[in-house]
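Please read the structure below before turning to the comments.
Readers should treat all values here as calculations from the given coordinates under stated rules, not as data from a laboratory. Small disclaimer: the values here were computed from a predicted structure and weren't measured. Positions of Cβ are backbone-derived with ideal geometry, glycine not excepted, and every protein chain shown enters the neighbour counts.
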Amino acid sequence: MTPVKIDSVPKEKAPQSVKGMHDVTPPQQEVWDAVRTAVSLCAHNYSFSRIDTPFLEHVKVFEKSLGVDSDVIEKEMYILTTKGGDVLALRPEGTAGVVRAYLENGLSRLGSPQKLYYEGPMFRHESPQAGRLRQFTQAGFEIIGGVNDPLYDAQIILIAARIFDALKIKHIQLHVNSIGCRVCRPIYKKQLIAYYKPLESQLCEDCVRRLKTNPLRLLDCKKQQCQKLKADAPNILDKLCVTCSQHFKEVLEYLDELGIAYTLSPHLVRGLDYYSKTVFEFLTTEKTGVEIGAVASGGRYDYLAEMMGGKSTPAVGFAVGFERVIEIMKAQQVVLPQKQVKRVFVAHAGELAKKKALKIIEDLQKAGVSCAESLARESLAAQLKVANKEGATLAVIVGQKEIYEESVIIRNLALGLQETFPLHRMVEEIKKRLKGA
Ligand code: HAM
């Protein structure tokens with residue numbers, strides 16, 4: 001008989017994260033924190049209030065707003081049907097959910113316009129590549145309600161630019177366009193059809209279909225054969241109605257006034273149906289260090305509330321992709337602000353003292369002094385090695401003798417000098433030393 005090895009477990013391949021979805025591990029958190037801080041500082045400075053909406057929405061929230069023939073709706077949504085028969089989608093973007101929440105919660109009652117911002121994961125079933133993920137993080141800024149003043153279009157663009165400034169990101173190019181309104185866009189669409197119809201045989205399969213349903217989409221197709229044809233397509237800026245033309249002119253005047261450089265891109269249309277008038281994208285260039293397309297993008301969406309069954313509500317906004325920003329920061333070797341190190345390290349010498357050490361950390365914590373530790377290590381030398389690695393300047397050490405004497409040792413780690421203090425004076429002494437350092 002072959003002996004059975006009772007502790008042998010069959011080796012299985014360790015589980016991997018889902019394709020296009022990544023962990024953000026502790027060493028990566030520093031740069032993520034820098035991005036989160038830049039976003040929340042801008043939100044604070046420009047008076048935006050935070051809104052959080054669920055990751056799951058009824059699928060019609062997106063179908064009604066992004067357009068049934070958009071890439072996101074046609075190909076990229078993660079959809080699930082619940083046991084009760086509800087059809088839900090993992091949010092592919094934030095704007096539709098925010099407008100749904102604005103209408104559902106009657107946020108217009110809180111004042112007009114509402115300036116809202118959010119941050120969190122979005123999900124799109126795209127082909128993963130550099131800067132293109134299936135789960136990615138966006139921060140979005142939306143100004144909803146009030147009047148469709150071009151000032152707000154400019155302020156939204158300004159905030160995106162300020163986030164890049166705060167993160168010291170350079171060589172991002174702003175592209176702007178206006179895609180008109182319900183009055184002038186249909187005329188432009190007819191001209192697009194007239195231009196593309198004779199070229200139909202050269203278009204990709206999707207675009208042949210979209211030529212009938214939504215010709216504007218042809219300008220947004222990423223396939224090379226369609227990109228080539230775009231160059232000679234009619235220019236929407238020549239076809240804008242007087243109102244849209246004036247609106248766009250004022251947006252550009254505000255940008256000039258603010259000193260924000262831009263490129264006019266008359267073929268920029270954006271891939272989602274809810275836009276009208278101003279649209280924009282901040283794109284990487286050859287100089288950026290990585291070419292990953294749009295880093296932040298957005299525009300005006302005056303019809304979205306209506307498309308969802310609400311009242312006509314002017315709105316404008318943008319979203320910035322964290323992973324793309326971080327790719328650029330890495331490529332441009334942006335130096336992050338010094339991480340706040342925990343300056344006090346608590347260490348023990350011996351089993352009895354270990355119990356006391358946990359209590360010492362609590363006493364310091366309560367007094368507002370956060371501490372680092374490596375209490376599971378037995379040797380004091382090993383613990384102090386960690387203290388040095390973490391950059392702590394002071395160590396509070398407790399051993400057998402200190403327990404009997406109700407005292408602690410406070411050691412200046414840089415100078416290697418130490419003194420003993422009564423336990424009841426520890427907090428006061430540590431605070432004094434931290435202030436004086
Ligand atoms: P979007 O252009 O689809 O617009 O996405 C905004 C930003 O999210 C992009 O500029 C990019 O940085 C990032 N992003 C998009 N897809 C991916 C992906 N697969 N992987 C990594 N990053 C990605 C919107 O979502 C609109 N809701 C923006 C908006 C807000 N418009 C008005 N208000």
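Sorting the segments 421-429, 161-169 by their residues' average number of neighbouring beta-carbon atoms within 10 angstrom, most packed first, yields 161-169, 421-429. Scalar couplings 3J(HN,Hα) for segment 36-42, obtained by applying the Karplus form with A = 6.51, B = -1.76, C = 1.60 to θ = phi - 60°, are 4, 5, 4, 5, 6, 5, 5 Hz; x denotes Gly and Pro.
Residue 372: net charge of surrounding residues, Cβ under 12 Å, Lys/Arg +1, Asp/Glu -1, itself excluded? Net of charged neighbours comes to +1. The modelled label-to-label distance for the pair residue 420/residue 253, using points 7 Å beyond Cα in the direction of Cβ, is 7.9 nm.
Pairs exceeding 22 Å between alpha-carbon atoms, taken from 342/432; 75/170; 75/212; 366/389; 75/222: 75/170; 366/389. Residues 107, 304 in ascending order of nearby Cβ atoms (within 10 Å, fewest first): 107, 304.
With the convex hull drawn around the C-alpha atoms of segment 204-278, the volume per residue stands at 111 Å³.
Test of understanding: in a Gaussian network model of the chain with alpha carbons linked when under 10 Å, which of 327, 104, 306 would top the mean-square fluctuation ranking? Per the Cα network of the chain with a 10 Å cutoff, 104 tops the list. In sequence order, segment 349-359 has phi-based couplings of 10, x, 4, 5, 5, 4, 5, 5, 4, 4, 5 Hz under the Karplus curve 6.51 cos²θ - 1.76 cosθ + 1.60, θ = phi - 60°, and Gly or Pro positions carry x.
What FRET efficiency comes out for residue 24 versus residue 352 if R0 is 30 angstrom and r is the Cβ-Cβ distance? Round to the nearest 0.05. After rounding to 0.05, the efficiency reads 0.15.
Only Cα pairs within less than 10 Å get springs; with that Gaussian network setup on the chain, which residue of 249, 311, 356 has the largest fluctuation? Highest fluctuation among the options: 356. Taking only DSSP H segments of four or more residues, each worth -39500 (n - 2.57), what value at 222 nm results for the chain once the sum is divided by all its residues, to the nearest 500 deg cm²/dmol? Roughly -10500 deg cm²/dmol at 222 nm, from the helical runs in the chain. Using only alpha carbons, the chain has a radius of gyration to Kirkwood radius ratio (Rg to Rh) of 1.12. All Cα-Cα distances of segment 220-360, cut into 5 Å bins from zero to the largest, leave 2, 7, 11, 14, 14, 13, 9, 6, 4, 3, 3, 4, 4, 3, 2, 1, 0 percent in each bin in turn. If the chain linking residue 201 and residue 241 were pulled fully straight, counting 0.36 nm for each residue of separation and taking away their Cα-Cα distance, it would gain 11.2 nm.
As a proxy for reagent exposure, ranking 371, 204 by other Cβ atoms within 10 Å from fewest up yields 204, 371.
Here the spin labels are modelled as points 7 Å beyond Cα on the Cα-Cβ line, and at residue 13 and residue 33 they lie 3.6 nm apart.
Note on residue 183 and residue 125: the model spin-label points, each 7 Å out from Cα along the C-beta direction, lie 4.2 nm apart.
Highest mobility in the GNM of the chain, judged by mean-square fluctuation with C-alpha springs under 10 Å and restricted to 201, 407, 70, is found for 407. The residues neighbouring residue 176, those whose beta-carbon lies less than 10 Å from its own, together hold a net charge of -2 under the Lys/Arg +1, Asp/Glu -1 convention. The mean sequence separation of alpha-carbon pairs under 8 Å and at least six residues apart, normalised by the residue count of the chain, gives a relative contact order of 14 percent.
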